[in-house]
Each structure stands twice: as C-alpha cells, then as structure tokens.
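Undergrad: I have a structure I would like to understand better, so I am pasting it below and will then ask my questions one at a time.
The values are calculated or read from the model by the stated rules, or taken from the named source; none is laboratory data. Quick caveat, the model's predicted, so the values are computed rather than measured. Because the Cβ atoms are built from the backbone with ideal geometry, glycine has one as well, and the counts that use them run over all protein chains shown.
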Amino acid sequence: MRQESGFAILIALAVLMGAAAAQDENPIPTKNELTGILGRTFISNQGVASTGTNLHFGNGLSFEVDYGRRLRENDVYSITAEVPVLFNLDEDLNFVVNVVPEDYKSYFITPSIRANLLPRTFISPWASFGVGFGHFNSSSTLELGGGPNPGNKGTTGAVIQGGFGLDVRVTHSLSVRTGVRDFWSGVPQLNVDTGKNHQHNFFVGSGVIWHF
C-alpha cells in the first residue's frame, strides 16, 4: 500500500512539474499593452505659388504613446484595438519671406485597429488603420526677426492614420517596436497659400512595449 501511495505521489508531482514547464514554454497571452516610441515626423515641402519658392518643414522630434487591448489572438494572427497618440512639440518652418510662424506644435489622437501576423513568434509584423482628430498650435512669433504672428494660432480637424512595422519579443512582458505611421491631416495656420488643405505627417520611430 505504501509503495502504491508513493508511486501515485511521484506521478502527481511529475504531472504538476510538466504542467508548470508547459506553462513557461507557452505563457498565457496578455491582453493589454502600453507602448512608448521616440522618433521624428517628416513632412514634404510645400510650394507657395505667389513666390515660386517652397516652404520647408523641419524633421520634428516626436514621441508616441499607445495603449492597446487584444481582442483576438491565435498562432496565425491577432487583432488589437489601440489608441496611438502622437506629439510633435517643435516643428520648425523655413521660408524666404518673414510671414510664416517660427514653428508649431501638434498632436494626433487616432483610435485604430491593428493586425499582427504570427503574434506568438519572435518577430511579428503589423499593420494599423484608424480615424481620429488632430490639433495644430502655431508659434506667436514669426520665423525671421521674431515679430508677432498676425495670423490665427490654432486649428483642429479630422485625421486618418495608417501604419506598419515590426514587433520583436524580448521577454514575456517586453517587446521592441519599430514602425512608420502616416497621419493624414489638415494643415496648420501658415499665413501663406500652399494650395493644400491636407498634408501627410510621416512618423518614424522605435520604442518599447510593456505587455500586462
């Protein structure tokens, strides 16, 4: 009887150890993620017809904060509801005539759906699409000479976001993300007529994801 009891205890311990090992190899997927990314925003130069020259945009240092909630996941793909928020706090402007603001600030908030391919592997490519809004706030001074900006300072409008990139798993709780997002928005108050009412704001950056 004692031998049978000891054998049963050994079997039970083996089963428990095997289950624990299996859980370590295939951890339960987390549902939430918080991402911080640092990068730059790139905007194409815009021509001003009245002067025959271009208005130049700097490559503003920008950062993105993104909260995501996993809606569905399997070995092939995952679907995540996310809210990327992009801040560009110093977008410099350069023009030959002293009529444009020195710079402007902007932020975009675009609730989106992101699809990851092979989410449980080491490298997972992703694509995202969403719609939200953005706000521009132009400087109170002009670019040349620092005179007061006579134009309107702020504008708010709709934004369409599309992006793609790669997630690289480091640990169960941490990943590294590299990606490109295009925030297609209205235009800031520039005090010149570029003939455009929309512009592409390409954000390129890398950062860290915390899974919890």
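Undergrad: List the residue pairs whose Cβ atoms are under 6 Å apart, where the first residue sits in segment 47-67 and is over 14 Å from residue 96 (Cβ atoms), the second is not in a strand (DSSP E or B), and the two are 6 or more positions apart or on different chains.
TA: Partner pairs satisfying both residue conditions: 57/43.
Undergrad: Would you check if residue 181 is buried (at least 21 other Cβ atoms within 10 Å of the Cβ), more than 15 Å from residue 86 (Cα to Cα) and modelled with pLDDT of 95 or more?
TA: Taking the combined requirement at face value, the residue does not satisfy it.
Undergrad: Still on this structure, please answer the following. Would you be able to say whether some residue in segment 148-158 is closer than 17 Å to residue 112 by Cα, surrounded by 17 or more Cβ atoms within 10 Å (Cβ to Cβ) and assigned by TED's automatic domain parsing to the domain that holds residue 108?
TA: no
Undergrad: For segment 121-141, how many residues meet the condition of being not in a strand (DSSP E or B) and not aromatic (Phe, Trp, Tyr)?
TA: Summing the residues that are not in a strand (DSSP E or B) and not aromatic (Phe, Trp, Tyr) in segment 121-141 gives 3.
Undergrad: Restricting to segment 49-94, and then to whatever is over 16 Å from the mean Cα position of the chain (by Cα) and small (Gly, Ala, Ser), can you tell me which residue is modelled with the lowest pLDDT?
TA: Filtering segment 49-94 for residues that are over 16 Å from the mean Cα position of the chain (by Cα) and small (Gly, Ala, Ser), the one modelled with the lowest pLDDT comes out as 50.
Undergrad: Loosely packed, with under 15 Cβ neighbours inside 10 Å, more than 30 Å from residue 75 (Cβ to Cβ), modelled with pLDDT under 95 and in contact with a His (Cβ under 9 Å, 6 or more places away or on another chain) - does that describe any residue in segment 191-211?
TA: No; the residues of segment 191-211 include none that is loosely packed, with under 15 Cβ neighbours inside 10 Å, more than 30 Å from residue 75 (Cβ to Cβ), modelled with pLDDT under 95 and in contact with a His (Cβ under 9 Å, 6 or more places away or on another chain).
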